[in-house]
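Encoded as structure tokens, the structure appears first; notes follow it.
The values are calculated or read from the model by the stated rules, or taken from the named source; none is laboratory data. Everything numeric here is computed off the predicted structure, so don't read it as measured data. All Cβ positions, glycine included, derive from the backbone under ideal geometry; neighbour counts span all protein chains shown. Just so you know, the surface numbers come from the protein's heavy atoms only, side chains and all, with ligands and any DNA or RNA stripped out. Shrake-Rupley method; radii C 1.70, N 1.55, O 1.52, S 1.80 Å.
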Amino acid sequence: MEDFTSTAAGTDRIRLARVLGPSHVWALGVGIVLVGEYMGWNFSVGKGGMIAGLMACWVAGLLYTCVAMIDSEVTSTVAAAGGQYAQAKHIVGPLMAFNVGLFLVMAYTMLEAANAITVGFLLDTVAGMQGQAGLNQQPFIVLSIMFLAWLNYRGVLATLTFNLVITAIAFIAIIALFVSVQFGASAVPLDFSAITSDPLPYGWVGIIASLHFGLWYYLGIEGTCQAAEEVRSPARSLPYGTMAGIMTLLIAATMTWYICSGLMPWEYLGQAGTPLFDAARVTGNTGLMVLLFVGTAFATLASANGCINDASRAWFSMSRDRYLPSWFGAVHPVYRTPYRAIVFLVPIALIFALGAPLDQVVTFSILSGLLGYTFMTFNMVMFRNKWPLGKIKRGYVHPFHPLPTIVLLVLCSTAYLAVFLGYGTQLSAMMCFYIVASLWFHFRRYKFVRRGDQFTMPWPKPEGY
Amino acid sequence: MWNLLEYAAWVLSALFGVLMVADLIRIDMTYDSELLISSREGEIEATAERHEL
């Protein structure tokens with residue numbers, strides 16, 4: 001029984017294992033996101049040209065810096081599995097919490113499915129290069145999901161240590177490509193003449209449209225706070241890991257845009273499947289090609305791995321409060337993981353990975369994430385109003401409040417417009433889904449919620465109550 | 001070679017799935033359900049941090 005914790009009342013309880021440090025938080029956040037540097041971001045160049053792609057990179061970077069700052073402050077105080085779900089529960093209310101929990105589960109499960117599809121696509125590309133066209137991608141898609149789910153099932157320390165190693169390799173691969181090209185390892189020189197000859201091929205609206213895919217550079221960094229209940233020192237590790245993560249991504253995103261835009265014409269780059277790998281192929285350097293292929297594969301696996309971790313924590317956390325059936329709120333007595341939530345989400349990820357087109361899956365993930373960021377804006381305002389500085393202990397206090405919140409809200413609104421321009425039908429369908437889910441929760445599920453038990457933070461009464 | 005890799009991927013996928021489901025059933029049959037869902041949010045914070053200045 002050494003794996004259990006005895007409470008003051010003398011009863012045995014099983015809790016998630018507190019074994020993680022700041023490096024694991026970094027690996028979780030950057031691991032989920034770094035795949036966005038290897039693919040997806042480049043569609044922003046296709047929407048508006050090279051300059052639009054760079055502006056999307058930096059505007060989205062500003063958006064996510066605000067997300068990271070806001071998230072670091074709140075999550076260093078509300079240190080519980082479920083991340084933004086637990087924040088919403090304590091700061092806004094149950095209906096918001098239910099929706100935020102769903103945003104998280106859908107965003108991460110869709111992203112996991114998208115990553116698995118990409119693994120299949122990558123292997124198909126390699127098989128095609130070896131003369132084996134028409135590879136059956138399905139077994140590799142299924143294997144990537146099953147293996148990573150099994151790894152997550154067996155324990156969070158091994159899972160995120162694995163993520164740390166493969167994410168670091170994928171990040172080093174981008175730096176190696178950048179440095180190699182700078183020092184003349186490429187057979188093709190960098191060429192940025194399109195910036196002056198064809199600066200904005202679709203005008204200013206192209207910049208707004210490109211923002212949709214600019215989010216892909218950083219989408220998921222907020223996932224760091226799902227580890228809150230498993231880090232040894234949440235007040236220190238979460239802000240440190242998250243802020244280090246966003247800095248890593250800003251560097252990686254800018255390097256990626258620079259190398260890819262310099263080596264490939266924007267018309268090709270705007271529709272490429274694997275832009276960094278393609279850039280390595282353009283250099284004509286076999287070593288770089290192998291390194292960037294490995295980087296692409298590792299970034300994809302790291303992202304899927306982190307997504308399984310985060311989606312299962314959100315599902316587990318909602319179930320523990322009975323927002324969902326409590327059966328899913330179980331912790332494995334040996335591995336100390338939310339094992340039922342992990343297993344339950346596997347077939348859902350498989351259905352989307354095997355049955356839905358990649359762009360639809362990605363768009364659903366982006367939209368769910370965007371709804372989550374919008375929630376963060378008024379969540380932050382309510383948090384500071386209800387518990388002003390000095391009232392409760394915070395692990396991190398973000399500067400310039402409420403400026404990051406306002407910037408985040410403005411950028412979220414612009415991103416909605418960008419998504420609406422390209423995927424208006426999906427945006428409307430997804431809003432309908434969340435409205436129906438909210439009605440179900442309000443009329444059918446809320447009666448099962450542990451209304452008193454769900455508020456666990458030992459805070460004083462909020463201002464005005 | 002790729003045909004063999006496809007078969008190997010199917011076999012490994014099934015293996016990981018069976019390992020997870022078998023362990024899930026074993027744990028559910030070995031341990032009391034109330035114990036398995038006994039985790040509570042915030043217990044550590046309640047004892048280690050007071051959230052007061």
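The table that follows gives values for the structure above.
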| quantity | calculated |
| --- | --- |
| Global geometry of the stretch A:348-459, whether rounded, prolate or oblate, following the gyration tensor of its Cα atoms and the 1.5 cut on a/c | oblate |
| Heavy-atom surface of chain A, accessible at 1.4 Å and reported per residue (Å²) | 34 Å² |
| Total formal charge among the other residues, if their Cβ is under 10 angstrom from that of A:Val74, Lys/Arg +1 and Asp/Glu -1 | 0 |
| Accessible-area composition of the stretch A:31-447, carbon plus sulfur, in percent [1.4 Å probe] | 72 percent |
| Selection from A:Val74, A:Gly241, A:Ala227, by position along the positive dipole direction of the protein assembly as shown (Cβ) | A:Val74 |
| When each of A:Lys89/A:Lys393; A:Lys391/A:Lys447; A:Lys386/A:Lys447 is checked by Cα-Cα distance, pairs over 30 Å | A:Lys391/A:Lys447 |
| Nonlocal amide H pairs with A:Leu20, under 5 Å, H built at 1.01 Å | A:Val231, A:Arg232 |
| Prolate/oblate/rounded label for the stretch A:183-227 (Cα gyration tensor, a/c 1.5) | oblate |
| Segment A:Phe433-A:Ser197, length gained on full extension (0.36 nm per residue, minus Cα span) | 80.5 nm |
| Probe 1.4 Å, accessible area per residue of the stretch B:2-48, Å² | 57 Å² |
| Environment charge at A:Gly40 (Cβ cut-off 14 Å; Lys +1, Arg +1, Asp -1, Glu -1) | -2 |
| For the stretch A:12-27, 3J(HN,Hα) per residue [Karplus equation, 6.51 cos²θ - 1.76 cosθ + 1.60, θ = phi - 60°, Hz, x = Gly/Pro] | 7, 9, 10, 10, 5, 7, 8, 10, 9, x, x, 5, 5, 5, 4, 5 |
| Proportion of all alpha-carbon pairs of the stretch B:2-48 beyond 17 Å (%) | 61 percent |
| Estimated FRET transfer efficiency when R0 is 41 angstrom, pair A:Leu417-A:Gln182 (beta carbons, to 0.05) | 0.65 |
| Area of A:Leu291 that stays accessible when all protein chains are in place (1.4 Å probe, Å², to 10) | 60 Å² |
| Distance (nanometres) between label positions extended 7 Å along Cα→Cβ at B:Tyr7 and A:Arg232 | 4.8 nm |
| Sum of side-chain charges, A:Trp204 neighbourhood, beta-carbon under 15 Å (Lys, Arg +1; Asp, Glu -1) | 0 |
| Cβ crowding within 10 Å averaged over residues, with A:98-108, A:192-202, A:453-463, A:267-277 ranked highest first | A:98-108, A:267-277, A:453-463, A:192-202 |
| Net lengthening on full extension, A:Trp440/A:Leu403 (0.36 nm per residue, minus Cα-Cα) | 9.7 nm |
| Angle in degrees between helix A:204-214 and the longest Cα principal axis of chain A, rounded to the nearest 10 | 60 degrees |
| Base-10 log of normalised Debye intensity for the protein assembly as shown (one unit scatterer per alpha-carbon) at q = 0.07, 0.08, 0.09 Å⁻¹ | -0.37, -0.48, -0.61 |
| Between B and A, accessible area buried - total, square angstrom, nearest 100, 1.4 angstrom probe | 4200 Å² |
| Unit charges on C-beta of K, R, D, E only; dipole of the stretch A:160-279, Debye | 320 debye |
| Theoretical FRET efficiency, 1/(1+(r/R0)^6), r = Cβ-Cβ of A:Trp204 and A:Leu62, R0 22 Å, to 0.05 | 0.75 |
| Solvent-accessible surface ranking, highest first, for A:Arg445, A:Arg232 at 1.4 angstrom | A:Arg232, A:Arg445 |
| Helix A:358-386 vs. chain A, principal-axis angle (Cα, 0 to 90°, nearest 10) | 50 degrees |
| Contour excess over end-to-end distance, with Cα ends at A:Thr425 and A:Leu157 and 0.36 nm allotted per residue | 92.4 nm |
| Interface residues, the stretch A:334-356 - accessible area loss of 30 Å² or more versus chain alone, probe 1.4 Å | A:Tyr339, A:Arg340, A:Val343 |
